[in-house]
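The values are calculated or read from the model by the stated rules, or taken from the named source; none is laboratory data. Everything numeric here is computed off the predicted structure, so don't read it as measured data. Reconstructed Cβ throughout: ideal geometry from the backbone, glycine too, with neighbour counts over all protein chains shown.
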Amino acid sequence: MSEAAKDEAPILELRGLAKHFPVRKGFFARRAFVRAVDGVCLSVRPRESFAVVGESGCGKTTLAKLILALEKPTAGQILFEGRDLHALPRRQLRRLRRDLQVIFQDPFSSLDPRMTVEQIVTEPWTIHGLHRDPAERRRRLSRLLDCCGISASHLSRYPHEFSGGQRQRVGIARALALEPKLVVADEPVSALDVSIQAQILNLLKDLQRELGLTYVFISHDFSVVRHLCDRIAVMYLGRIVELADSETLFNDPQHPYTEALLSAVPVPDPAIEKRRRRIILSGDVPSPLNPPSGCRFHPRCRYAVAACKTQDPALKAAKPAHLAACPVRPFSETPSAAALTEIPA
């Protein structure tokens, strides 16, 4: 991301965003709520790659659906280019959806097996009534497929005739057909072979540079987002617990949960990997039906003190442009995350 982009107004802002799903524990029980997303505040800059990472069940996919206006928030606002998505009339929201597209996680289930590549990629144009002239449609389709590394000779083929990586390229082409400004990528490479993941990630980087795209990556894989994303938000039980640029987060995490996640990221050097200190979290992830009081991470935190059980921490500046939600500062008197990779002699 360029320095000029950092001074521009955010393309996406989330203000106190919450999504609670009602459930019943029993026939006579009072209705409870799963707090899938609970008070998320963040902003995404134009042409930025922004990642949201965390364990399964922390609310990442629900957050993505809220951003795409596929779910209505229980509270809070989603501002896209200054406009509240859920306050817009239906017709205006339909027009705005062209600027918000998604790349799905599983290319094997996200493509209609009864449709050819040409039908899949051009379906968004048909829905929005765009490029009706056959010659123009063919020209745009050829250029789009070329950008995504798909041969024009494959237009009449069906999804089952492709490998996983090729299917994901078709999914990417479909997402870019409407020339969106923001693309939400929900674990776009987790269902692919490791040998194919790098190709898709490089394609996404090239497309961002050529088309000026803004990405919101939903992932649990730190090794993927480290080299692809400009900033990373760490999510736990529906809340953002840390937010910083990629290198800062990896070199100096300020939240115990981030520290534990990073300790589990494998290192390609066997000598370093053998000496690394792993942080094993105690207990299980609490239920979002009844999250812990105070800091939600305190039942599993090795730095927890009495105040953690009562203080509900907000995101605060631990360092310039580095936010963390921790009622204590455990790293002020401990080694940096880089030093934690090796056991001291």
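See the values below:
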read-out: Qualifying residue in the range 264-272 (condition: part of a helix (DSSP H, G or I), free of Cβ contacts under 8 Å to residues at least 60 places away in the same chain and either touching a Leu at 6+ places or on another chain (Cβ under 7 Å) or crowded, with 18+ Cβ neighbours inside 10 Å (or both)); value: no
read-out: Residue within the range 90-97 that is basic (Lys, Arg), modelled with pLDDT of 95 or more and within 20 Å of the chain's Cα centre (by Cα) present; value: no
read-out: Criterion violated by residue 199 - all others in (1) part of a loop (DSSP other than H, G, I, E, B); (2) in contact with a Gly (Cβ under 7 Å, 6 or more places away or on another chain) satisfied; value: (1)
read-out: Within the range 140-157, considering residues that are polar (S, T, N, Q) and in a loop (DSSP other than H, G, I, E, B), the one nearest to residue 192 (Cα to Cα); value: 151
read-out: Selection from the range 293-321 of residues that are surrounded by 16 or more Cβ atoms within 10 Å (Cβ to Cβ) and assigned to a loop (DSSP other than H, G, I, E, B); value: 294, 295, 296, 297, 301, 303, 304, 311, 313, 315
read-out: Failed condition for residue 86, given (1) out of contact with any Asp or Glu (no Cβ under 8 Å at 6 or more places or on another chain); (2) in contact (Cβ under 8 Å) with a residue 60 or more places away in the chain; (3) outside any loop (DSSP other than H, G, I, E, B); value: (2)
read-out: Residue count, the range 158-177 (criterion: in contact with a helix residue (DSSP H, G or I) (Cβ under 6 Å, 6 or more places away or on another chain) and either in a helix (DSSP H, G or I) or modelled with pLDDT under 95 (or both)); value: 7
read-out: Subset of the range 317-332 that is closer than 15 Å to residue 256 by Cα and at pLDDT below 90 - its residue that is farthest from the chain's Cα centre (by Cα); value: 332
read-out: Residue identified as exposed (fewer than 15 other Cβ atoms within 10 Å of the Cβ) and free of Cβ contacts under 8 Å to residues at least 60 places away in the same chain among 173, 135; value: 135
read-out: Count of residues meeting criterion [more than 16 Å from residue 260 (Cβ to Cβ) and either within 24 Å of the chain's Cα centre (by Cα) or of a type in the set (Phe, Trp, Tyr) (or both)] in the range 280-300; value: 4
read-out: Residue satisfying all of: in the range 93-137; of a type in the set (S, T, N, Q) and in contact with a strand residue (DSSP E or B) (Cβ under 8 Å, 6 or more places away or on another chain); nearest to residue 201 (Cα to Cα) among these; value: 105
read-out: Whichever residue in the range 82-103 is farther than 28 Å from residue 168 by Cβ and among the charged types (D, E, K, R) and, among such residues, is surrounded by the fewest Cβ atoms within 10 Å (Cβ to Cβ); value: 90
